[in-house]
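The values are calculated or read from the model by the stated rules, or taken from the named source; none is laboratory data. In this text the structure is predicted, and so the values were computed from the model without any measurement. Cβ placement follows ideal geometry from the backbone for every residue including glycine, while neighbour counts extend to all protein chains displayed. Ligands, DNA and RNA are stripped out before the accessible areas are found, and what is left, the full protein with its side chains, is counted by its heavy atoms. Shrake-Rupley method; radii C 1.70, N 1.55, O 1.52, S 1.80 Å.
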Amino acid sequence: MSSKPFNSFEIAQTQFDHVAAQLDLDEGTRDLLRWPMREYSFGIPVRMDDGHIKVFRGFRVQHNDARGPSKGGIRFHPHETIDTVRALAMWMTWKCAVVDIPLGGAKGGVICDPHNLSAREQEQICRGWVRQIARNVGPVADVPAPDVMTNAQHMLWMLDEFEVLHSGRYPGFITGKPVGMGGSLGRTEATGYGVVFTLREALRELGIPPESTRASVQGFGNVSQYAIRLYQQIGGKVICVSSWDQADQTSYSFKKASGVDADALESITDRFGGIDKEKARKLGYEVLPGDAWLDQPVEVLMPCALENQITPDNVLRVHPAVKIIAEGANGPTTTEADRAIRERGIFMIPDFLANAGGVTCSYFEQVQSNMNYFWEKDEVLGKLDVKMTSAFHAVSDLARKRSLYMRDAAYVIAINRVAQACKDRGWV
Ligand code: NAD
């Protein structure tokens, strides 16, 4: 969609400043929280399959660990930047705090495009990433996880390298591992389901029966696919999804007014979440431009692809029928677009609340790994529902009581918790 270079870190800092100004935070606390505490940037030399050496740039940013070890995913993306990683690390701090799990915020990344890398080359990047940062991460310091274009296999390679370097078994070092190798049941579903647990509560609060609603979703990857499935289970109808087309280097939207079939669409989707448009046409989908997902006549929008997708250029296209936006992706809405959404009175479930199911389940995985005892899937998803539902209500109660926008209410809760931990530790 928008090709304007929005800076996610500036957006994250603006959001923080906006709420910090309303809180009684002293200057030292503000200075501490509006920047990451530690940042690492490094080169990862990899011998490519054709024999030449290519150096990939890797990052790890630890925003704040006052409430516990830092936690956050590692993204493989050709357009990764230190500022995006900073923003995502900061959002992780607020995310862990808003769902009240004892973890801080971090994020990592490598500038690379897995579409063009063999499995062996990706393994070398994973192992190289760990070799560069092994001294500064670990089960009691900073716990990575998968994110955009990384998966359970990448996590296992990283774990293996960490365990070789530290001569032992440290399953709590990383989450998103394969089930049977220290992974938690339910992790695959967790983020998408978490989005819908909060959406279900928002619908209840607004007195809207889920069966009367339609949704349009950006992205058809991990978050989107499970959000769609659970939303359909509670009675909603998804009429449009979009995805990135690697061959055409653009995105497309796939519309079916009678409702999309997630399983059928998944069967024609590549491992990066790209839907095959010819096969989709044969299945009866209308193939529309990439941003068509945004102007559909639906009650619910779920941006579940990437950051900076709802912008001042396209926010006016959001259909008047839209009542709720549930941000599955991190940072999908730019600051000005967010203002327009607020002014229109659309109920916003902000990213660091809506998509906190992933990190909550990662926390459960860490707990299970550390005690070497694994729960049944129902138990994991049941505990996830409890956490997400109570976090949602804490935010929406505050929003109602103090007439705050949902994003601001979530920030007030999260920033207060983190600021208090910094104060209690005597840092500020
Ligand atoms: P994914 O790689 O599995 O899927 C991403 C999807 O977005 C794919 O379908 C891809 O085709 C699509 N996409 C990419 N660029 C697009 C564009 N310009 N227009 C339309 N579609 C596009 O990633 P994911 O794990 O589902 O993550 C999606 C978002 O959710 C990211 O912002 C990520 O940071 C966030 N998130 C993920 C998790 C998690 O547990 N996976 C947790 C919290 C937040």
Residues of region 103-117 with backbone N under 12 Å of the label point set 7 Å from the Cα of Asp49 along Cα→Cβ are 115-117
When you count, for each residue, the other Cβ atoms within 10 Å and take the mean per peptide, how do 390-400, 259-269 rank with the highest first? 390-400, 259-269
Counting Lys and Arg as +1 and Asp and Glu as -1, each charge on the Cβ, what is the dipole of region 1-58 about the Cα centre in debye, to the nearest 20? 360
Note on region 214-293: C-alpha Rg/Rh, Kirkwood Rh, two decimals, gives 0.92
Lys and Arg at +1, Asp and Glu at -1: neighbours of Val46 with Cβ under 12 Å from its Cβ sum to +2
So what does Leu283 come to for accessible area, using a 1.4 Å probe and Å² rounded to 10? 70
Please give the length that would be gained between Asp261 and Gln246 if that part of the chain were fully extended, namely 0.36 nm times their separation in residues minus their C-alpha to C-alpha distance (nm, one decimal). 3.2 nm
Based on the alpha-carbon gyration tensor of region 1-106 and its eigenvalue square roots a ≥ b ≥ c, which shape applies: rounded if a/c is under 1.5, prolate if not and a/b is larger than b/c, or oblate? prolate
May I have the pair-distance distribution P(r) for the chain, computed from all Cα-Cα distances with 20 Å bins from 0 and rounded to whole percent? 28, 61, 12, 0
Could you pull out every residue, at least 5 positions away or on a different chain, whose amide H is within less than 5 Å of the one on Val238? Hs are placed 1.01 Å off N in the peptide plane, and Pro or chain starts have none. Ala215, Val260
Taking r as the C-beta separation of Leu23 and Ile234 and R0 as 35 Å, the FRET efficiency to the nearest 0.05 is 0.50
Filtered hits (lysines, Cα-Cα < 28 Å from Lys401, offset >= 8 within chain) -> Lys95, Lys323, Lys383, Lys387, Lys423
GNM result for the chain, Cα springs below 10 Å: residue of Met371, Met155, Met348 fluctuating most strongly: Met371
If contacts are Cα pairs under 8 angstrom and at least 6 residues apart, what is the relative contact order of the chain in percent? 17
Gaussian network model of the chain, Cα springs within a sub-10 Å range: biggest mean-square fluctuation belongs to which of Gly105, Gly72, Gly172? Gly172
Give me the number: length gained by fully extending Glu343 to Arg120, i.e. 0.36 nm times residue separation minus the C-alpha to C-alpha distance, one decimal in nm. 75.3 nm
Looking at the square roots a ≥ b ≥ c of the eigenvalues of the Cα gyration tensor of region 282-392, which shape do they give, rounded for a/c under 1.5, prolate if a/b is larger than b/c, or oblate? prolate
Work out the FRET efficiency for Glu286 and Asp385 from their Cβ-Cβ distance, taking R0 = 45 Å, and round it to the nearest 0.05. 0.85
Figure the gain on full extension for Thr14 and Trp427 (residue separation times 0.36 nm, minus the Cα-Cα span) and round it to one decimal in nm. 146.4 nm
Two pseudo-spin positions, 7 Å from Cα along C-beta at His79 and at Trp35, lie apart in nanometres by 2.8
Where does each of 243-256, 325-338, 174-187 land if you order them by average Cβ count within 10 Å, highest first? 325-338, 174-187, 243-256
For region 37-172, what mean projected area does the convex hull of the alpha carbons give, in nm²? 7.7
